[in-house]
Amino acid sequence: MILKITNNLSLKYFPYLTSRVKFDDGVSKKFILKCKNIVDDYEDIFITNRDIKADLEFKQRAPKPRIRVLFSANKEDLVEYTQKYDEIFDMCPIVSMGFEPLDFKWRFNETDWIVFTSKRAVDFFLKKAKRDLLCGKKIATVGKKTAEYLFRFGISADFIPDIFDAEHLMESLKNRGNIVVVTAEKYNNIYHIFNNVKVLSVYKNIIPKEAELYKYHGEFNYGLFTSPSAFENTVKIYGGLDIMHRINRFIAIGNTTKKYIQKYGFDAIIPEKFTINEMFRLLIK
């Protein structure tokens, strides 16, 4: 089957495909986000943007966006925000992060606060630990999105900092008893500053195998990075800093990511609120 599309077709109109799919060279890589089985040999569906006879065709007559954006994040966020903004920007998503669980054991007997740093921290914690461990404890999250995700499990956050980063959260909780931070294997060093804070790593960031599919040529007007790992893994995927020298301006999700980017000699701007949505709103402004 030959499927013909235009590159400026919004990702939200492109279907999720589980069949064996092969992409023509000129097709935007953003569509790979919704394909499960990419192959180089025999395929069930061949996707092209060339002017050839096709079995099925998706057209969109929207103007092609002029601002080219490299967007590095995990797949879930890439799909959500590429679909939301690819009619405005020329989106170049790269799946730079995947996640794997870590084995952990913990007793919360002398714990007053439990902090979740991300939705992944919630997921990997609750997949192994009983929710009873949270009973009688105060719950905090680094950001609003994590709090909303916790609420899906019937757990309410007692505290969310006004500025969504670890520094402001820890500063607010430093005199409120013993704290356990549920987070990734690589985490913010600020937690070591406080004597009342212990860290529980429940997952690790990895570079997914599919990351190799998202390699781009040319320059980018902006590069958006959602964490230090998103930046670090992108450098590894491309085999060095050359990819970063092709980005005109950097946008980091918050102060921690900005500082990490600056370590490599690049400057970055940050949104007023440390969320992905605010990163794109900063672009629009």
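The values are calculated or read from the model by the stated rules, or taken from the named source; none is laboratory data. Fair warning: this is a prediction, and the values are worked out from it, not measured in the lab. Every residue, glycine among them, receives a Cβ derived from its backbone with ideal geometry; neighbour counts consider all protein chains shown. Areas reflect the complete protein model, heavy atoms only, side chains present, ligands, DNA and RNA absent. Shrake-Rupley method; radii C 1.70, N 1.55, O 1.52, S 1.80 Å.
Quick notes
- Label-point gap, in nm, between His168 and Asp123 - each point 7 angstrom along Cα→Cβ: 2.5 nm
- The alpha-carbon of Lys4 sits under 21 angstrom from the alpha-carbons of these lysines, leaving out residues fewer than 8 places away in its chain: Lys12, Lys22, Lys29, Lys30, Lys34, Lys36, Lys53, Lys59, Lys64.
- Counting only protein heavy atoms and a 1.4 Å probe, region 160-226 has 51 square angstrom of accessible area per residue.
- Mean separation of Cα contacts under 8 Å (6+ apart) over length of the chain, as relative contact order %: 16 percent
- Sparsely packed loop sites in region 186-263 (the trypsin sites (Lys or Arg not before Pro) outside DSSP H, G, I, E and B with at most 13 other Cβ atoms within 10 Å) comprise Lys186, Lys215.
- Between helix 119-128 and the chain: long-axis angle, C-alpha atoms, 0 to 90°, nearest 10: 70 degrees
- Those GluC sites (Glu not before Pro) in region 194-244 that DSSP places in a loop and that have at most 15 other beta carbons within 10 Å: Glu219
- Within the chain, antiparallel bridges make up roughly 10 percent of the DSSP beta bridges whose residues both belong there.
- Listed residues Ile193, Ile163, Ile179, most fluctuating in the chain (Gaussian network, C-alpha, under 10 Å): Ile193
- Percent carbon-and-sulfur accessible area, the chain, ignoring ligands, DNA and RNA, probe 1.4 Å: 47 percent
- Gained length - Val39 relative to Lys105, 0.36 nm times residue gap less alpha-carbon distance: 19.7 nm
- Anisotropy class of region 1-80 from Cα gyration tensor, a/c 1.5 cut: oblate
- Å² of accessible area per residue within region 1-155, as computed with a 1.4 Å probe and no ligands counted: 54 Å²
- In this structure, Asn178 and Lys263 have a Cβ-Cβ separation that, at R0 = 41 Å, corresponds to a calculated FRET efficiency of about 0.80.
- Spin-label zone in region 236-280 - amide nitrogen under 17 Å from a point set 7 Å from the Cα of Asn221 along the C-beta vector: 246-252, 269, 279-280
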